[in-house]
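Below you'll find the structure, written out as structure tokens, and then a few comments.
The values are calculated or read from the model by the stated rules, or taken from the named source; none is laboratory data. Since we're looking at a predicted model, the values are computed, not measured. Cβ placement follows ideal geometry from the backbone for every residue including glycine, while neighbour counts extend to all protein chains displayed. In case anyone asks, the SASA skips ligands and DNA or RNA and just uses the protein heavy atoms, side chains included. Shrake-Rupley method; radii C 1.70, N 1.55, O 1.52, S 1.80 Å.
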Amino acid sequence: MIYIISYIVFQVLLLIILLIISKIKDKRLHQDHGEVVPPGFEPTNEVTIDPVTQEKRRVYFNPKTGDRYYKIEK
Amino acid sequence: MIVVTTENIPGYRVVEVKGTTFGLIVRARGIGGDIMAGLRSVVGGEIKEYTVLLEDARKQALDRMIKNATAMGANAVVMCRYDSGNMGNMGEVVAYGTAVVIEKV
């Protein structure tokens, strides 16, 4: 009986650990992009509305590095 | 960087073709997202966890394609296309096009 309980407890703990790691690792792309555009970026006409959060983001482009910055617009 | 799905860009002419440019990404949701998506699939409707997965994959593929095109010395991408596939609960998206140098007519 003790083995069955230990097994169940282990499985529950494993699931909780995986859920915590998943919460940390599974983040939205560009969620660190906010309203302050870093220097060197130029605005483009590209605008996307997120299908889930409905956030509107304009894309800024850095022609030197090729990086893109998604600025949140209100 | 102008990215278009057409062969030509009105007001510009292609002066140099740099070659094909790609942006590839494979993304997955974590176990939490997969469990929620599984529960949603039982009752139907939009599976938001996977909408998020594919939307982020599309953006990241485009970002990488444009970064590669910039590294090639291009200032535009013409004939841009997307392709996608899946491997289990992972989504794969590739964006590709022709990196070109354009100038105003």
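Does B:Thr20 qualify as being modelled with pLDDT of 95 or more, open to solvent by 70 Å² or more (accessible area, probe 1.4 Å), in a strand (DSSP E or B) and more than 9 Å from chain A (Cβ to nearest Cβ)?
yes
Step by step: first the residues of the stretch B:31-47, then only those that are loosely packed, with under 15 Cβ neighbours inside 10 Å and outside any helix (DSSP H, G or I), then the one that is farthest from the other protein chains (Cβ to nearest Cβ). Which residue is that?
Here the residue is B:Gly44.
Tell me the residue from B:Met72, B:Met79, B:Met90, B:Met36 that is in contact with a strand residue (DSSP E or B) (Cβ under 7 Å, 6 or more places away or on another chain) and at pLDDT below 95, please.
Sole residue among the options that is in contact with a strand residue (DSSP E or B) (Cβ under 7 Å, 6 or more places away or on another chain) and at pLDDT below 95: B:Met90.
Applying the selection to the stretch B:67-87, what residues are more than 8 Å from every other protein chain (Cβ to nearest Cβ), without any contact (Cβ under 8 Å) to a residue 40 or more places away in the chain and open to solvent by 60 Å² or more (accessible area, probe 1.4 Å)?
Selection gives B:Tyr82, B:Asp83, B:Ser84, B:Asn86.
For the list (1) part of a helix (DSSP H, G or I); (2) facing another protein chain (nearest Cβ under 10 Å), I need the number of the one condition that B:Tyr50 fails.
For B:Tyr50, the failing item is (2).
If A:Ile17 passes every condition in (1) at pLDDT 95 or above; (2) surrounded by 12 or more Cβ atoms within 10 Å (Cβ to Cβ) but one, which one does it miss?
Against the list (1) at pLDDT 95 or above; (2) surrounded by 12 or more Cβ atoms within 10 Å (Cβ to Cβ), A:Ile17 comes up short only on (2).
If a residue has to be charged (D, E, K, R) and over 15 Å from B:Val3 (Cα atoms) to count, how many in the stretch B:65-103 make the cut?
Going through the stretch B:65-103 one residue at a time, the tally reaches 2.
Please indicate, with yes or no, whether at least one residue in the stretch A:20-31 is open to solvent by less than 90 Å² (accessible area, probe 1.4 Å), within 19 Å of B:Ala57 (Cα to Cα) and touching a strand residue (DSSP E or B) at 6+ places or on another chain (Cβ under 7 Å).
Taking every residue of the stretch A:20-31 in turn, at least one turns out to be open to solvent by less than 90 Å² (accessible area, probe 1.4 Å), within 19 Å of B:Ala57 (Cα to Cα) and touching a strand residue (DSSP E or B) at 6+ places or on another chain (Cβ under 7 Å).
Count, please, the residues in the stretch A:50-74 that happen to be open to solvent by 40 Å² or more (accessible area, probe 1.4 Å), assigned to a strand (DSSP E or B) and either within 10 Å of chain B (Cβ to nearest Cβ) or touching a His at 6+ places or on another chain (Cβ under 9 Å) (or both).
1
Taking only the stretch A:17-49 into account, find how many residues are assigned to a loop (DSSP other than H, G, I, E, B), hydrophobic (A, V, I, L, M, F, W, C) and more than 10 Å from chain B (Cβ to nearest Cβ).
Looking only at that region, the number is 3.
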